[in-house]
1. Positive end of the charge dipole of the chain (Lys, Arg +1 and Asp, Glu -1 on Cβ, about the Cα centre): tell me which of Ala341, Ser226, Gly71 has its Cα farthest that way.
2. Can you tell which of Ala314, Ala218, Ala191 shows the greatest fluctuation in a Gaussian network model of the chain with Cα springs below 10 Å?
3. Charges only on Cβ, +1 for Lys and Arg, -1 for Asp and Glu: so what's the dipole of the chain about the Cα centre, in debye to the nearest 20?
4. Tell me the carbon and sulfur percent of the accessible area for region 254-377, rounded to whole percent, probe radius 1.4 Å.
5. Please report, in debye to the nearest 20, how large the charge dipole of region 17-242 is about its Cα centre when each Lys and Arg carries +1 at its beta carbon and each Asp and Glu carries -1 there.
6. If one computes the Cα centroid of region 98-123 and of region 208-260, what distance in Å separates the two points?
7. For the chain, what class follows from the C-alpha gyration tensor (a ≥ b ≥ c being the square roots of its eigenvalues): rounded when a/c is under 1.5, otherwise prolate if a/b is larger than b/c, else oblate?
8. In square angstrom, rounded to the nearest 10, how much accessible surface does Ser182 have for a 1.4 Å probe?
Amino acid sequence: MDSLGGLPFVGMETSASFLPRESLDTLLEAIRREGYSRVLGPVVRHGAITYTGITSSDDLPKGLRDRQAPGHYRLEPEEGERSFAWANGPQALKPLTFAPRETLWRCELDDNGRLSFLDSALTPTPTAVIGIRACDLAALKIQERHFLKPPYPDPHYAARRESLFLVAVHCSHPADTCFCASTGDGPRAEAGYDLAMSELDHGFVLVAGTDRGRAVLALLNLSPASPDECAQADDEIEAAASAQTRSLPDRNLKDALYARLEHPHWDQVGRRCLSCGNCTAVCPTCFCHAEQDEPALAGSSSEHLRQWDSCFTAVHSYMGHFLVREETRLRYRQWLTHKLASWHEQYGRSGCVGCGRCIAWCPVGIDITAEVSALLESGDAQS
C-alpha cells in the first residue's frame, strides 16, 4: 500500500491541478482505466446520501444540502450545481473494509467423518470511492490501527483496504451536528487519500496523495490550478471550520471521564437512551462484533461468521452466567468512556472523529457533545 499523504493547498499552487466541472466524467473514466472497475459515489437513496455504484457524474447529488440536528436528517435543495455541498450521510467507509456480515472460515465433514477447516476466499473488486470526508479518513486510520495491528493483521480487512482508491473532498458545508474541527479530524483532509479535491462553483482543485493518485492525474493532462482557485479552496475549508458550533472540550478526556464513573448524569442519559445501537452502526470507528457458527441443514458443513454487534445490546456484555452491564445507563457509559477515554490507552487518541452521525441518527436526539459537557460541568466528579 502506498504511503498515505496529503497537503493543504496553501503554497501548493504548482502541484495542484484544476478540473473543470464539465470534465468530471473524465476523472471517473481515468480511474476506471487504472483498473478500478467499480466506482462508488454519493447517491440519494431513501432520503439520505449513501455510497453506491455510479456510472457518471449525473448520478451525484447536484444542488442538494443536508440539514442535520439531534435526531434529524433531511436533504433540501441548494442553489448552484455543486455535487458535494453536504456534510455526510449515515454511511462511512466502514462497511467497505469491515463487512457487516462475513464468513471467516468453513468447516466441512467428508464421507469418512473427518473435519477440514477452509479459509474463506476473499478477492475484493478494485473499488474507487468518490467524495470521502476528512472525518471518515481519520476514522479509517483508527480502524487500521485495530484491524491491521501486527503481528496478526486481519486478512479480510487488509484485502478490502488494499482494493480501495479513495478520492477525498474537503468539506465546505458542515452540518450543524459536525464538530471535527475540535477533534482535529477535519474539515480538511490531511492524509489517507489517493486524490483530494476542493469543489468550487466552476470546477475542482485536485492534489494527489499517493503514486496511484498521481497515475490517475497523469491521464487527465490538466492545467495547474491558479493561485486564486487555491486561495478560494483554502478559504472555504477555513470557513467550514469556523462555522462549526459544536465541540468537545478537549481531545483527551480520559482522566476527566474516569473520575466521573459514578456521576448522576449517567442515570439521566440512561433514561433517554433506547439501547437501539444506531449510534454504533453509523459510527465510522466502532468495531464491536459477534462471532457465531451456522451449520448447514444436512450437517455436513458449517460457516463461522463475523457480524457487527453493539455494546448497547445486553448479550454483548454477557460473560459466563451474568450480564456485566444490565442497565442502559451502564451501556451508554461503556460506549462513551471507551470512545473518549480508554481508546487513548489502546490507540493513542480518542475514538471520536467529530462526524456527528451519532447525534443526527439517534432516535431521541442524544448529543455526545452535550452529554460530555453535562458530565464535566460539575465541580464534584462523583456527585
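1. The listed residue farthest towards the positive side: Ala341.
2. Top of the fluctuation ranking is Ala218.
3. Numbers: 37 positive and 51 negative charges, 158 e Å.
Charge dipole of the chain: 760 debye, to the nearest 20.
4. Values: 2910 of 5540 Å².
It is 53 percent, rounded to a whole number.
5. Numbers: 23 positive and 33 negative charges, 153 e Å.
My answer is approximately 740 debye.
6. 42 Å
7. On the way: a/c = 2.00, a/b = 1.19, b/c = 1.68.
Since a/c reaches 1.5 but b/c is at least a/b, the shape of the chain is classed as oblate.
8. The accessible area of Ser182 comes to roughly 30 Å².
The values are calculated or read from the model by the stated rules, or taken from the named source; none is laboratory data. Fair warning: this is a prediction, and the values are worked out from it, not measured in the lab. Backbone-built Cβ (ideal geometry, glycine too); neighbour counts: all protein chains shown. Protein only, heavy atoms only, side chains kept; ligands, DNA and RNA dropped before computing areas. Shrake-Rupley method; radii C 1.70, N 1.55, O 1.52, S 1.80 Å.
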